[in-house]
1. Share of the protein assembly as shown's accessible area from carbon and sulfur, percent, 1.4 Å?
2. Highest mean first, how do A:170-183, B:8-21 rank when packing is the count of other Cβ atoms within 10 Å averaged over residues?
3. Can you show me the helix-derived [θ] at 222 nm for chain A, built from DSSP H runs with n ≥ 4 at -39,500 (n - 2.57) apiece and divided by the number of residues, rounded to the nearest 500.
4. So what's the angle, to the nearest 10 degrees on a 0 to 90 scale, between helix A:63-98 and the longest Cα principal axis of chain A?
5. In whole angstrom, note down how far apart the Cα centers of region A:31-86 and region A:150-186 are.
6. Where does chain B land at 222 nm, in deg cm²/dmol rounded to the nearest 500, when only DSSP H runs of n ≥ 4 count, each adding -39500 (n - 2.57), divided by all residues?
7. Return the single residue from A:25, A:214, A:71 with maximal mean-square fluctuation; model: Gaussian network over chain A, springs between Cα atoms under 10 Å.
8. Rounded to the nearest 20 Debye, what is the dipole magnitude of the protein assembly as shown about its Cα centre when Lys and Arg each give +1 and Asp and Glu each give -1 at the C-beta?
Amino acid sequence: MLRLLSILSRFRNLILWLVLQLFAISLIVRMNDHQRHIFGNIMLEVSGDLHSQRYSFNRFLNLPAQNDSLIVQNRRLIQRNDSLRKRIQDYEARLLLTTTENPGLADGYEMDQGYRLIPCRAIHTSLNKSYNYIYLDKGSKDGVYENMGVISPQGIAGKVIRVSKNYSLALSAINLSFKLSAKLQGQDIPGVYEWEIDDPYHGYIDKVRTDATIEDNMKVVTSNVSTNFPEGYLVGTIRAADQKLEGSYYRLRMELATNFSQLNNLYLLEAVSKNELDSLSSGFIKE
Amino acid sequence: MVVPFAFLIFIFMLPPSWPVPVLYLVSFFTGLLMDVFSEDIAVGLHAASSLLAISLRSRILQLTGISNIRSQEDISLDKQSLLWYAFFLFPLIFAHHLAYYFLEAFSFSYFFYTFFKAILGSIYTFILLYIICITFYRR
């Protein structure tokens, strides 16, 4: 301690000078606005520099924790992103469906107001089998029941045949068991839609009267016979070049409107007035 | 704009035989007194610059040829030539004025203006102090 004091006393003049000068400068800076302002600016620069260095050092030390929190946040955002994107796709498709520019609706038809749309997704589908089915992600808890029609924005897709609590199974239109009553648009000539194996892009409308005139790009639409589908929904398009017109009735080949290799947004058609319509015929023989 | 600081003569003529801390304190408080009594000058400017001036004085005295400063009672001006006063006074005055005006500005943005003020002020003060020195400090 004594040694420290003796060293200090060697510099006593200098220390006194420094103390007095610092006192004088602090007087200048504290009591005068101009000097205080400039001094404040300088000090701000210096302390800002020091603080930012310390801050970056701390941030470096904090990197693992930040990383973890970012991973968690990332995961949450990805999930939210997915769900939002699905919602947007649903809304867009639904918007398309309910306007007259719905490509699945043939010209001159409007979306029947008697049907409510339940959006759903095909969680599994197949293309290459003889009996293709579509698995849908909506079930009885979402209001799905058997015999509901399934449509895509481009045209018909199938019919629900089995329902469980969360999922349902639909017969695809490219399934040998699927039959639908359809008609030629414009002439309203009825026929039966069915499918032949090995071509998931084409189907047939059978039992068409021979006095029908077949033109190119004629559309085949659903008729009002079945209550599963609204009238006027597109089944396919007939190309005149494909047809072999022979026999007592025509079996016309058509290009299916729905692209079954890309089933995305599907809609289940809930016939709102179905119960009421069914109740009308209660008591009468239905067959 | 520039005022001659006549009180500096008291600081420069302090006996060098006094211990240095005493010299520092005396010049500091003289400068502080000058500050307090001037209305438009920032407090502390004179204190800081006169402290600086006196701390340079012994150095200047060494450089201008007087040896063993501490032993002398007064700065004996009769033995020196007139020219010596100039070499003694002017650097001290100039250092003092530089410190003073730059502390007043507190930034280097108007560097030339403050420097010019320091030069002019020191010339003015030097003339005044030189006359005072010749008049009053010779026997």
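1. On the way: 14970 of 25370 Å².
Of all accessible area on the protein assembly as shown, carbon and sulfur atoms account for 59 percent.
2. On the way: A:170-183: 22.5, B:8-21: 16.6.
Taking the mean over residues of other Cβ atoms within 10 Å, the ranking is A:170-183, B:8-21.
3. Values: 5 runs with 101 residues, N = 287.
Helix contribution divided over all residues of chain A: -12000 deg cm²/dmol.
4. 30
5. For region A:31-86 versus region A:150-186, the Cα centre distance is 57 Å.
6. On the way: 5 runs with 91 residues, N = 139.
The helix contribution divided over chain B gives -22000 deg cm²/dmol.
7. So, out of A:25, A:214, A:71, the one fluctuating most is A:25.
8. Details: 40 positive and 38 negative charges, 512 e Å.
Once rounded to the nearest 20, the dipole reads 2460 debye.
The values are calculated or read from the model by the stated rules, or taken from the named source; none is laboratory data. These numbers come from a predicted model, not from an experiment. Here the Cβ is made from the backbone with ideal geometry for all residues, glycine too, and neighbour counts use every protein chain on show. For accessibility, only protein heavy atoms count, side chains too; no ligands or nucleic acids. Shrake-Rupley method; radii C 1.70, N 1.55, O 1.52, S 1.80 Å.
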